[in-house]
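> Have a look at the structure that comes next, please.
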Amino acid sequence: MSAKKYVVKSAKGTNVKLKEQQVKRVLGIVNIGLIILSFLLVLNLFGVSLPNLGFALYNTFDTEDTICIANWQDDYSEINLDLCCHESRKQLECVSKEFEIELFSETTDADEIVSKILSTDVICKTGDGNNMNYYLNNNAYRYCKNQNYWGTD
């Protein structure tokens, strides 16, 4: 006894003959996909929100600390992130521009001065000249943008 054969029209318009075993395999794969889809729809019905896969992967591999530096004339200092977000929001514009800033700090002995170079990606400012500027890296800027008071641009 020979296996049943099914004739299916391909995307190119030609007829393709499939064996019964191939048809069962294809239907099994389709059924699994439908089961997963129905499971996700049931979760959605009950209000369960799933994290965005791209966002979850990005947060897993992005280990950079948040950095915010306030600048007045030639004085640069690292400030609290929440304060930075409030003050950055008050500025007229935030522009994507990379900077490397060298900060100096005294050690606990006060005999030694230590310097560190921090990289930032965004500058928030009111204008050119003698104005307060805020330098943020991408993580700090993303954190600030997600705050309720920031709003949309």
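Here, each number is a calculation from the coordinates, and none is a lab measurement. Quantities reported herein were computed from a predicted structural model and do not represent experimental measurements. Ideal geometry is used to build each Cβ from the backbone, glycine not excepted, and the neighbour counts take in all protein chains shown.
> Residues to consider are Ser96, Ser119, Ser115, Ser88; find the one that is in contact with an Asp or Glu (Cβ under 9 Å, 6 or more places away or on another chain), under 22 Å from Gly151 (Cα atoms) and of a type in the set (Ser, Thr, Tyr).
It is Ser96.
> To continue, here is another question. Taking the stated definitions as given, is Val48 at negative phi, over 24 Å from the mean Cα position of the chain (by Cα) and of a type outside the set (Asp, Glu)?
Taking the combined requirement at face value, the residue does not satisfy it.
> Follow-up. Condition (residue is among the polar types (S, T, N, Q) and surrounded by 11 or more Cβ atoms within 10 Å (Cβ to Cβ)) applied to region 27-43: is it met by at least one residue?
For region 27-43, residues among the polar types (S, T, N, Q) and surrounded by 11 or more Cβ atoms within 10 Å (Cβ to Cβ): absent.
> Are any residues in region 51-98 small (Gly, Ala, Ser), within 18 Å of the chain's Cα centre (by Cα) and surrounded by 10 or more Cβ atoms within 10 Å (Cβ to Cβ), and if so, which ones?
Correct list: Ala56 only.
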